[in-house]
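Trainee: Dropping the structure in here first, questions after.
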Amino acid sequence: MRGPKKWTEQTIERYLKEGRGKGEGPNYKPWLNVGEFSSRGRVHRIRGLKTNREHQLFSDVERDLFMLLEWSADVTDIREQFPLDRDLTMEIAAAHGIKHPYYPGTQTPAVMTTDFLVTKIYNGHPVLVAFNAKTTTEAEDARSLEKLEIHRLYWDGMGFAHHVVFDSTIPKVMTRNIEWIRGAQLKDGERETYPGFFNEYARRMTDELVLRQRNDTLSGYCEKFDIKHGLEPGTGLRVARLLMQSRVLMPDLNEPSLPACPLQAYKVTASVGQLRLVGGN
C-alpha cells in the first residue's frame, strides 16, 4: 500500500488538512507524493505542460498513460493519485461483499486512490473521466480486480466513466514519440539564447515548411536549417519538436522514428502560435 510507513487516522487527518486531493490545474495536490516512501517499482516526477506542476507517477504504466492523456487535445486537466471518499468506498465494499483494503499492519481502512481523474471537453462541456493504470500481472490477480471493482462502482455511482488501462494495451511507440517531443521544452532553470529565441526560429521554420515542398527527411531538413541560420547542431530538430508540441507540425505518432520520416509525412498547419516553453520567462 502506498504512503507513509505507518498509516494512522492522524496521518489521514493531516493529509486532509494539507488539502491533498483538492484543487485543480496548478493548484491540485495529489493524495500521495513519490518522495514520501520507498517504492518497489519505478516512479516518475514529470512537469505537466498543461497543468504547469509536477505530477507524481508511481509506475511506468502510469507514466505512459499520462503521456497519452496529456497529448490528447480535449484533455484540459489531469489529477493523479485522486483520493476517494473513504466512507463511500467502505459502504460499496460492504454492499458487494468485497473486503475493503486496510493499510498493512494496521486496523486503519485505506483511503483508496484512482490513478487519474481527467477533465475532458466533450461537446463543448467539461466532463470528468477516471482512469486506473495497471500491469497485465494485476489483471490476473483476484484481489487487484476486487479493488478495481470498488473503483468502478464508485465512479459509476458518481455518474462518471471509469476506464482500466493495462500496459499491454498502451501503444509504446506512440508514448515514446510523445516523450521525445515534449522533451524539447525548456527545463526548469534553462534559459533561451535570448528572449523569444525559439519562437523566432519556430516562425522561420513554419514559413519555410508552408511555402516549400521538400524531398528530405525531418532530420536532414533540420540539419540544413541549422547551417542556413547559423545555429548550433540540433537546434532545428528541437524547434521542430516544439512545433509538434504546439500542433503546428503534425506527426504520425505511430512511426518508429520521427526524425527519419520524410517531411511529406508531416502536416503543417496555417501558422505558428505562441509556444509554451516550460521553465522559460
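The values are calculated or read from the model by the stated rules, or taken from the named source; none is laboratory data. All of these numbers come straight from a predicted model, not from anything done at the bench. Note that we place each Cβ from the backbone using ideal geometry, even for glycine, and neighbour counts take in every protein chain shown.
Trainee: Scan (1) among the polar types (S, T, N, Q); (2) at pLDDT 95 or above; (3) not in a strand (DSSP E or B) for the single condition THR106 breaks and write down its number.
Mentor: (2)
Trainee: Any residue in the stretch 152-176 that's closer than 20 Å to THR119 by Cβ and at pLDDT 95 or above: show its pairings with residues that are of a type in the set (Ser, Thr, Tyr) and not in a loop (DSSP other than H, G, I, E, B) at Cβ separation under 9 Å, as long as the two are six or more apart or on different chains.
Mentor: Here the result reads TYR154/THR89; TYR154/THR114; TRP155/THR114; HIS162/THR114; HIS162/TYR154, each pair linking the stretch 152-176 to a residue that is of a type in the set (Ser, Thr, Tyr) and not in a loop (DSSP other than H, G, I, E, B).
Trainee: Another question about this same structure. Any residue at all in the stretch 87-94 that is over 27 Å from GLY183 (Cβ atoms), in contact with a Phe, Trp or Tyr (Cβ under 8 Å, 6 or more places away or on another chain), assigned to a helix (DSSP H, G or I) and free of Cβ contacts under 8 Å to residues at least 40 places away in the same chain?
Mentor: No: the stretch 87-94 contains no residue that is over 27 Å from GLY183 (Cβ atoms), in contact with a Phe, Trp or Tyr (Cβ under 8 Å, 6 or more places away or on another chain), assigned to a helix (DSSP H, G or I) and free of Cβ contacts under 8 Å to residues at least 40 places away in the same chain.
Trainee: Of all residues in the stretch 110-143, which are crowded, with 16+ Cβ neighbours inside 10 Å, of a type in the set (Gly, Ala, Ser) and outside any loop (DSSP other than H, G, I, E, B)?
Mentor: Once the filter is applied, which keeps residues that are crowded, with 16+ Cβ neighbours inside 10 Å, of a type in the set (Gly, Ala, Ser) and outside any loop (DSSP other than H, G, I, E, B), the stretch 110-143 yields ALA130, ALA133.
Trainee: Kindly evaluate ILE98 against the criterion of being over 20 Å from ALA161 (Cα atoms) and not in a helix (DSSP H, G or I).
Mentor: yes
Trainee: Which residues, taken from the stretch 189-224, are more than 31 Å from the chain's Cα centre (by Cα) and within 21 Å of LEU258 (Cα to Cα)?
Mentor: Of everything in the stretch 189-224, those that are more than 31 Å from the chain's Cα centre (by Cα) and within 21 Å of LEU258 (Cα to Cα) turn out to be GLU208, ARG212, GLN213, ARG214, ASN215, ASP216, LYS224.
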